[in-house]
Amino acid sequence: MIEVEHLYKSFAGVNVLEDISVTFERGKTNLIIGRSGSGKTVLMKCIVGLHEADRGAVIFDDRNFVEMSFTGRKELRKEMGMMFQGGALFDSLSVEENVIFPLNLFTKMPYDEKRERANICLKRVNLDNVNKLYPGELSGGMKKRVAIARAIVQNPKYLFCDEPNSGLDPKTALVIDDLISEITHDYSITTVVNTHDMNSVMEIGEKVVFIHQGFKCWEGTREEILDSDNEYLNDFVFASNFAKKIKSLTSKNS
Amino acid sequence: MKNISAFGKYIIFITRVFSKPEKTKIYLQQTIREIESLGINSIGIVIIISIFIGAVITLQTRYNLESSWIPLYLIGLTARDTILLEFSSTMVGLILAGKVGSNIASEIGHMRITEQIDALEMMGINSASYLILPKILATMVFNPILTIISMVVGIFGGWMACIVTGALASSDYIYGIQYWFIPFYITYALVKTVVYAFIITSVTSFHGYYVQGGALEVGRCSTRGVVYSSILILLADVVLTQLMLA
């Protein structure tokens with residue numbers, strides 16, 4: 001479980017996050033949603049320590065990450081896996097080397113065992129026969145899947161995904177969503193996903209937090225979203241004319 | 001004020017670079033890779049530049065010392081000392097600041113903007129140390145070898161110029177390059193090379209590591225890294241010359 005308490009963050013005097021308090025539960029796919037520039041990515045980066053929060057606490061199972069030393073953070077990060085928006089695969093390494101990379105640095109496994117573990121993770125994300133390819137030779141969806149494989153290779157307790165569907169077609173996006181959801185349930189990890197894709201929200205969002213202009217505006221389940229009377233959330237969820245028509249039809253029928 | 005702040009940031013950065021490695025074996029492997037990428041791949045350009053500059057130094061010295069009372073072997077001596085004292089360390093250092101420095105700044109900068117550095121941090125790796133320490137070690141170990149290659153090839157280039165143009169008898173040149181040889185000049189050049197290697201790698205890495213934005217900023221940081229490291233090389237040259245030769 002991850003608890004965020006009264007988190008504040010500003011850049012050059014501009015407040016980007018203000019008094020965010022939220023709990024991300026274990027074994028669930030927790031989604032942070034909001035418009036572009038609302039502060040979703042900054043919130044995620046503050047949680048994992050890539051940005052320093054100005055104030056507040058981030059507690060990973062009773063361990064306050066914000067107050068930890070550099071070494072303490074390094075140790076805790078070994079329990080985290082993160083999938084970045086663009087994949088962030090190492091260009092100079094092949095797919096297999098990318099997945100093995102964390103094992104090389106933090107385990108004493110023999111090489112064959114590391115390869116086996118990497119292959120298990122690549123199979124888990126439905127990738128076969130790509131071990132020797134380099135990131136430049138992969139499609140966007142494949143890069144994201146390799147990034148997920150690398151994120152789970154060390155059996156993390158916490159998984160973070162920043163915009164996992166950006167730049168993907170709806171069908172591939174669905175595959176990635178299902179994968180994240182399956183991994184979360186199979187390994188019972190705390191997953192936090194940053195997205196503005198409403199398909200993802202409705203597919204995998206077991207807990208949804210809506211951020212608007214740096215404030216936590218709403219939180220609930222995907223089922224509760226449709227019935228919410230939160231003005232900002234409705235503006236975001238029913239932004240397209242198509243969605244607005246569906247909502248009006250649904251309300252007429254009911 | 002901005003410069004003082006940048007210097008403080010540089011010191012913190014260097015402290016992180018020299019902190020204890022996660023796994024020494026991996027760092028050694030990385031260092032060997034960097035020796036190939038930053039050192040061995042620079043041998044070609046060092047040889048080409050040294051051979052031509054060695055020839056030019058010899059020819060210019062010859063045409064500027066057109067006097068009957070100056071012994072001709074002094075041309076070989078002058079060319080040798082110019083190559084040993086200044087060209088093979090400082091000039092080659094400046095050339096490497098351009099070639100190796102821009103390569104390092106753009107590589108690290110690209111890794112920063114594509115979140116590869118963030119990915120390393122997320123794995124619990126000290127990214128500054130993992131990426132930069134092997135580069136610093138590789139250049140500090142291999143650049144002295146490049147300097148020695150440059151010395152040998154530069155002196156050879158001067159001899160070739162004598163043969164090809166007939167500006168000076170081969171025997172005079174060979175006598176000149178052996179005359180009044182001071183071995184400490186080699187030590188002096190190698191010490192300078194090691195200091196320059198540290199400057200080139202750390203300064204350009206620093207600029208790449210903290211880049212923000214996109215491809216345009218990576219290009220700018222690369223240029224800035226090369227300019228700053230070149231200025232620092234010249235400054236270090238003055239300081240080390242005063243310390244070691246005065």
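Assorted remarks:
- Residue B:136 modelled with pLDDT of 95 or more, within 13 Å of chain A (Cβ to nearest Cβ) and crowded, with 21+ Cβ neighbours inside 10 Å: no
- Qualifying residue in the stretch A:153-173 (condition: part of a helix (DSSP H, G or I), among the charged types (D, E, K, R), farther than 30 Å from residue A:23 by Cβ and touching a Lys or Arg at 6+ places or on another chain (Cβ under 8 Å)): no
- Of all the listed residues (A:235, A:178), the sole one being surrounded by fewer than 21 Cβ atoms within 10 Å (Cβ to Cβ), free of Cβ contacts under 8 Å to residues at least 12 places away in the same chain and part of a helix (DSSP H, G or I) is A:235.
- In summary, helices (runs of 4 or more DSSP H) completely within the stretch B:111-198 and bearing 3 or more residues that are closer than 30 Å to residue A:89 by Cα and β-branched (Val, Ile, Thr) occur at B:127-165.
- Residue match in the stretch A:59-68 (condition: touching a residue at least 40 places away in the same chain (Cβ under 8 Å), closer than 12 Å to residue A:149 by Cα, within 14 Å of another protein chain (Cβ to nearest Cβ) and in contact with a helix residue (DSSP H, G or I) (Cβ under 7 Å, 6 or more places away or on another chain)): no
- Filtered residues of the stretch A:72-88 (kept if over 18 Å from residue A:180 (Cα atoms) and at the interface with another protein chain (Cβ under 10 Å from one of its Cβ atoms)): A:73, A:74, A:75, A:76, A:77, A:78
- Only a single criterion out of (1) within 14 Å of another protein chain (Cβ to nearest Cβ); (2) within 30 Å of residue B:26 (Cβ to Cβ); (3) out of contact with any strand residue (DSSP E or B) (no Cβ under 8 Å at 6 or more places or on another chain) is not satisfied by residue B:143, namely (1).
- Taking the criterion of being surrounded by 18 or more Cβ atoms within 10 Å (Cβ to Cβ), assigned to a helix (DSSP H, G or I) and modelled with pLDDT of 90 or more, the residues of the stretch A:181-200 that qualify are A:181, A:184.
- Residue A:12 being at pLDDT below 95, more than 25 Å from residue B:27 (Cβ to Cβ) and within 14 Å of chain B (Cβ to nearest Cβ): yes
- Among (1) within 18 Å of residue B:116 (Cβ to Cβ); (2) touching a strand residue (DSSP E or B) at 6+ places or on another chain (Cβ under 8 Å); (3) at the interface with chain B (Cβ under 10 Å from one of its Cβ atoms), the one test that residue A:50 misses: (2)
- When A:41, A:29 are checked against the criterion of being away from chain B (no Cβ under 14 Å) and within 21 Å of the chain's Cα centre (by Cα), a single residue qualifies: A:29.
- Residues located in the stretch A:96-138, provided they are among the polar types (S, T, N, Q), within 14 Å of chain B (Cβ to nearest Cβ) and part of a helix (DSSP H, G or I): A:98, A:104
- Strands (runs of 3 or more DSSP E) (entirely within the stretch A:6-60) containing at least 1 residues that are outside the structural domain of residue A:201 (by TED's automatic domain parsing): none
- Within the stretch A:215-232, the residues that satisfy the criterion of being in contact (Cβ under 8 Å) with a residue 12 or more places away in the chain and either more than 15 Å from residue A:198 (Cα to Cα) or assigned to a strand (DSSP E or B) (or both) are A:215, A:216, A:217, A:218, A:219, A:220, A:230.
- Applying the criterion of at least 2 residues that are of a type in the set (S, T, N, Q) and surrounded by fewer than 18 Cβ atoms within 10 Å (Cβ to Cβ) to the helices (runs of 4 or more DSSP H) found wholly in the stretch B:1-108 leaves B:2-17, B:24-34, B:43-64.
- Looking only at the stretch B:201-216, residues that are surrounded by 15 or more Cβ atoms within 10 Å (Cβ to Cβ) and either more than 23 Å from the chain's Cα centre (by Cα) or not in a helix (DSSP H, G or I) (or both) come to 2 in all.
Here is a yes/no grid of residues against (1) within 20 Å of residue B:192 (Cα to Cα); (2) polar (S, T, N, Q):
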site: B:28; (1), (2): no, no
site: B:37; (1), (2): no, yes
site: B:51; (1), (2): no, no
site: B:59; (1), (2): no, no
site: B:100; (1), (2): yes, no
site: B:113; (1), (2): no, no
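- Filtered residues of the stretch A:18-60 (kept if small (Gly, Ala, Ser) and either at pLDDT 90 or above or buried (at least 20 other Cβ atoms within 10 Å of the Cβ) (or both)): A:21, A:27, A:34, A:38, A:39, A:49, A:53, A:56, A:57
- Residues of the stretch A:147-179 satisfying the condition of being basic (Lys, Arg) and out of contact with any strand residue (DSSP E or B) (no Cβ under 8 Å at 6 or more places or on another chain): A:171
The values are calculated or read from the model by the stated rules, or taken from the named source; none is laboratory data. Just so you know, these numbers come straight off a predicted model, no measurement behind them. FYI the Cβ positions are ideal-geometry reconstructions off the backbone, even for glycines, and counts take in every protein chain you see.
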